Amino acid sequence: MIIEAEIISQPFSGEYTERIYDNESVWNSQSWTFIKFTNDDYSEWCGQFRGFPRQVGVSKFREIVLVLTSDYLYQLDRKTGELKEFEDQPQFQNFTTTPNGDFILADYYSIKKVTTSIKEIEPIESPIEMDNIVFKQWATKNLNLLVKNFRIGTGT
């Protein structure tokens, strides 16, 4: 069972047991993301994912691992490391894992929530219009974020 995941540079051949997560598409970039996974027995292995690296997160409560690259948003099963779902050419720029294990994702203008599957993403309403959303850190149950531009109200 996966307990930790981190983005790493390309490992030396044979350094880790490797699994390749790829989907054939004419839209694939030539970039790859390498994620080092640590299991609950402290064994380590590496996943290779298509696209430039953006983010990885583990939800122990939801039993989900998300990997975000420039080409795909991947959802893995935390227990087995098997690919459960993927979304190609995602607009998401970053995400964070909430204290209760949900994932909050941000694209350029909106925030969305994943609880069980990336195929069932729920929008989160905001009282302000936002642009270039960046998640910073959790302070207890409050999420600090940076918004480059915002506007209150819709205007006419």
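The values are calculated or read from the model by the stated rules, or taken from the named source; none is laboratory data. Keep in mind that this is a model prediction, so the values were computed, not measured. Positions of Cβ are generated from backbone atoms using ideal geometry, with glycine treated the same way; all protein chains shown enter the neighbour counts.
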Given (1) closer than 24 Å to ARG50 by Cα; (2) assigned to a strand (DSSP E or B), SER117 misses just (2)
Going through region 59-81 in order, the residues found to be touching a Gly at 6+ places or on another chain (Cβ under 6 Å) and in a strand (DSSP E or B) are SER59, LEU66, THR69, TYR72
Notebook entry, point to check: Right, GLY47: surrounded by 15 or more Cβ atoms within 10 Å (Cβ to Cβ), over 12 Å from the mean Cα position of the chain (by Cα), modelled with pLDDT of 95 or more and of a type outside the set (S, T, N, Q) or not?
Noted result: yes
If we keep only residues of region 143-155 that are part of a strand (DSSP E or B) and among the β-branched types (Val, Ile, Thr), then the residue modelled with the highest pLDDT is VAL147
Output for Cβ contacts, cut-off 6 Å, separation at least six or different chains, first residue of a type in the set (D, E, K, R) in region 57-72, second surrounded by 23 or more Cβ atoms within 10 Å (Cβ to Cβ) and modelled with pLDDT under 95, reads none
Practice item. Go through the residues of region 128-142 one by one and say whether even a single one is modelled with pLDDT under 95, among the aromatic types (Phe, Trp, Tyr) and not in a strand (DSSP E or B). Key: no
Of those in region 79-122 that are in contact (Cβ under 8 Å) with a residue 60 or more places away in the chain and under 21 Å from ASN23 (Cβ atoms), the residue surrounded by the most Cβ atoms within 10 Å (Cβ to Cβ) is PHE86
Going through region 49-66 in order, the residues found to be of a type in the set (Phe, Trp, Tyr) and out of contact with any strand residue (DSSP E or B) (no Cβ under 7 Å at 6 or more places or on another chain) are PHE61
Does ILE64 meet the test of being in contact with a Lys or Arg (Cβ under 8 Å, 6 or more places away or on another chain), of a type outside the set (Lys, Arg) and farther than 27 Å from THR17 by Cα? no
